[in-house]
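Report on the structure given below.
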Amino acid sequence: MDAPALQPAEGPRRRAVEGGVLNFLSVSQLKQFSLCPRRWYFVKVLRLPEPETKAQALGVEGHSQLEHYLRTGEDVLGDVARAGRHLLPAPGADLLVEEPFGTPSPLSADGVPFIGHIDLINQRRLSEGVLRVTDHKFSSNVARYGATPAQLSDASTEAGLQMVGYGVWAALSDARFPGVRVLELEHLYFQTRGAKRAASVLASVSVEHVTREWTEKVVPMVRRMREVARAMRTADAPPNFSACEKYGGCPFKAQCISGERTMSLLNRFIPKPQATDTAAQLPLTVPHQVIPEPLGTCDRCGEALTPENTSKLRSGEVLHVSCPGAEVAAVLPPDAPAASPTLPPDAAPKRRGRKPKVLASPEPAEPQEPVTSSHTAPSPQHERLRLFVDCVPNMPAASLSEYVAKVAAQVSEAGGVADLRFAGAESTLGFGRWKGALSMAIRNAPPAPGAYAALGLAHSELLQLAVEALEPLCGPGDFVRGAR
């Protein structure tokens, strides 16, 4: 487990990243960076709060129980931790429990010191040159999520990053552990769901092995972390879209996929232009207003016709939208078949069998006020999202293609490619993963409520994905698709 922060003897509390400079790291930060550099950027550079999950809360409670038991011998273990009691060493003062790295820490990489705590160090075989370093893990499924011995000794894996780091720290603490030649790197797993069980995964490696792994794999990673720490924009931190749903899901998916520009403290010292970056903001703004040209007056109500309150069909006919004198026809192509007459309100399908008995009412029913049809009092247009797909809208509508083009450009920038549709195999958007990323971005930041037209759907894969993502967000009657 990691220390909360590096606190000097005197002076203010230091942070891992300040002004684009790495002050210190931890093995947990290494694991987070290897999983997704952009997530590490959100947490350590932008300092966005990361909510605690239920699984993390269970782990904290279990670690506290194990620490108390190993220090005192008092059995305060819960059902989950007690399942692995037979795998724990006998409590004693010679065990190092929650051992800190110390100040100054002997462990560093590329000049950056590491802080943290180790759950358990068992030095009872140190006379033989063997030192066991243990990290307690609480997992919902030990068989499925447990690491292998090969992974514990490989610094290119998440489990190996942590345990190799612990092993190098122990090797560099030769004054405390003299004569150590073999390091036993152990993950002790406790299952939190289903049957209560525990398992020990152990890898025995030499001091030379962990030192080589740290130098060849961790030091280059820390150099990349230095570069990401200096990033001025979220787009400059490389993402890993394949890790979005791991460990319960990333809490920063909305900011990551939509390309939201969240400024760090370092950016506050940079002069900001007066004009806002509208291309990076969602929902999108409506195009500039055009002075309406008079088109005459409506024959039914006498109101002046303008481009804002009319819709021109292919036949050349101009319809007055929301005319109080007549209802506007459904938005279908001009050559669509005529609609069937509307059934009267009391019409009902014929039913078979005997007619139900009708009980005579002792008193005549009071006359009820007529129910107003829903189309006579529509909800305000600015509160609804309306889509007209491959048909002529019966109201002023913006082009959905403009919105889709801007979202696609933001996802392309987030993925580090010029066009997401042509992302290569080495890209996080490759192998068709750009489709899921684009759909997620549209659902997280849909267009502003209003009417939008999506024309030529068959010729645009981007537009097809956008319509599929936005259709569930439309209310009843607000999604209209032309049929021929």
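The values are calculated or read from the model by the stated rules, or taken from the named source; none is laboratory data. All of these numbers come straight from a predicted model, not from anything done at the bench. Here the Cβ is made from the backbone with ideal geometry for all residues, glycine too, and neighbour counts use every protein chain on show. Quick note on the areas: whole protein, heavy atoms, side chains included, nothing else; ligands and nucleic acids left out. Shrake-Rupley method; radii C 1.70, N 1.55, O 1.52, S 1.80 Å.
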Among the candidates A235, A275, A231, which residue alone is open to solvent by less than 90 Å² (accessible area, probe 1.4 Å), at pLDDT 75 or above, assigned to a loop (DSSP other than H, G, I, E, B) and of a type in the set (A, V, I, L, M)?
A231
Kindly indicate whether any position in the range 413-424 is open to solvent by less than 50 Å² (accessible area, probe 1.4 Å) and farther than 23 Å from A237 by Cβ.
no
Hey, Q410 farther than 20 Å from T234 by Cα, at pLDDT 85 or above and polar (S, T, N, Q) or not:
no
Top-ranked residue of the range 81-102 - restricted to ones that are within 20 Å of D174 (Cβ to Cβ) and acidic (D, E), ranked as most open to solvent (accessible area, probe 1.4 Å):
D94
Pairs, please: C-beta under 7 Å, at least 6 apart or cross-chain, first residue at positive phi and free of Cβ contacts under 8 Å to residues at least 24 places away in the same chain and in the range 403-431, second in a loop (DSSP other than H, G, I, E, B) and open to solvent by 10 Å² or more (accessible area, probe 1.4 Å)?
F431/A425
For the range 133-152, how many residues meet the condition of being in contact with a helix residue (DSSP H, G or I) (Cβ under 6 Å, 6 or more places away or on another chain) and part of a loop (DSSP other than H, G, I, E, B)?
1
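Rundown of residues vs (1) farther than 30 Å from S242 by Cβ; (2) of a type in the set (G, A, S); (3) within 17 Å of the chain's Cα centre (by Cα), yes/no style:
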{"position": "V417", "(1), (2), (3)": "no, no, no"}
{"position": "R421", "(1), (2), (3)": "no, no, no"}
{"position": "A425", "(1), (2), (3)": "no, yes, no"}
{"position": "W434", "(1), (2), (3)": "no, no, yes"}
Count, please, the residues in the range 430-450 that happen to be hydrophobic (A, V, I, L, M, F, W, C), surrounded by fewer than 19 Cβ atoms within 10 Å (Cβ to Cβ) and either under 13 Å from V404 (Cα atoms) or touching a Pro at 6+ places or on another chain (Cβ under 9 Å) (or both).
1
R224: more than 19 Å from D135 (Cα to Cα), touching a residue at least 24 places away in the same chain (Cβ under 8 Å) and not hydrophobic (A, V, I, L, M, F, W, C), yes or no?
yes
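Open to solvent by 20 Å² or more (accessible area, probe 1.4 Å), in a loop (DSSP other than H, G, I, E, B), more than 23 Å from P37 (Cβ to Cβ) and at pLDDT 85 or above, is that true of P476? First the steps, then the outcome.
Numbers: open to solvent by 20 Å² or more (accessible area, probe 1.4 Å): yes; in a loop (DSSP other than H, G, I, E, B): yes; more than 23 Å from P37 (Cβ to Cβ): yes; at pLDDT 85 or above: no.
Here the answer is no, as P476 does not meet what is asked.
Of the residues that make up the range 197-212, is at least one part of a helix (DSSP H, G or I) and among the charged types (D, E, K, R)? Walk me through how you get there before you give the answer.
Going residue by residue through the range 197-212, those that are part of a helix (DSSP H, G or I) are 207-212.
If we keep only those that are among the charged types (D, E, K, R) too, we end up with 208, 212.
Yes: one or more hits.
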Could you please find all residues in the range 43-65 being acidic (D, E) and free of Cβ contacts under 8 Å to residues at least 12 places away in the same chain?
E52
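May I ask you to list the residues in the range 103-132 that are surrounded by 13 or more Cβ atoms within 10 Å (Cβ to Cβ) and assigned to a helix (DSSP H, G or I)?
Keep residues of the range 103-132 that are surrounded by 13 or more Cβ atoms within 10 Å (Cβ to Cβ), which gives 105-110, 112-126, 129-132.
The answer is L126, and nothing else.
Sort through L77, L70, L48 and tell me the only one that's more than 20 Å from the chain's Cα centre (by Cα), part of a loop (DSSP other than H, G, I, E, B) and surrounded by 14 or more Cβ atoms within 10 Å (Cβ to Cβ). Explain how you work it out, then say what you get.
Details: L70 fails: part of a loop (DSSP other than H, G, I, E, B); L48 fails: more than 20 Å from the chain's Cα centre (by Cα).
Being more than 20 Å from the chain's Cα centre (by Cα), part of a loop (DSSP other than H, G, I, E, B) and surrounded by 14 or more Cβ atoms within 10 Å (Cβ to Cβ) holds for just one of L77, L70, L48, which is L77.
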Can you tell me which residues in the range 43-59 are closer than 21 Å to Q162 by Cβ and out of contact with any Gly (no Cβ under 6 Å at 6 or more places or on another chain)?
V43, K44, E50, E52, A55, Q56, A57, L58, G59
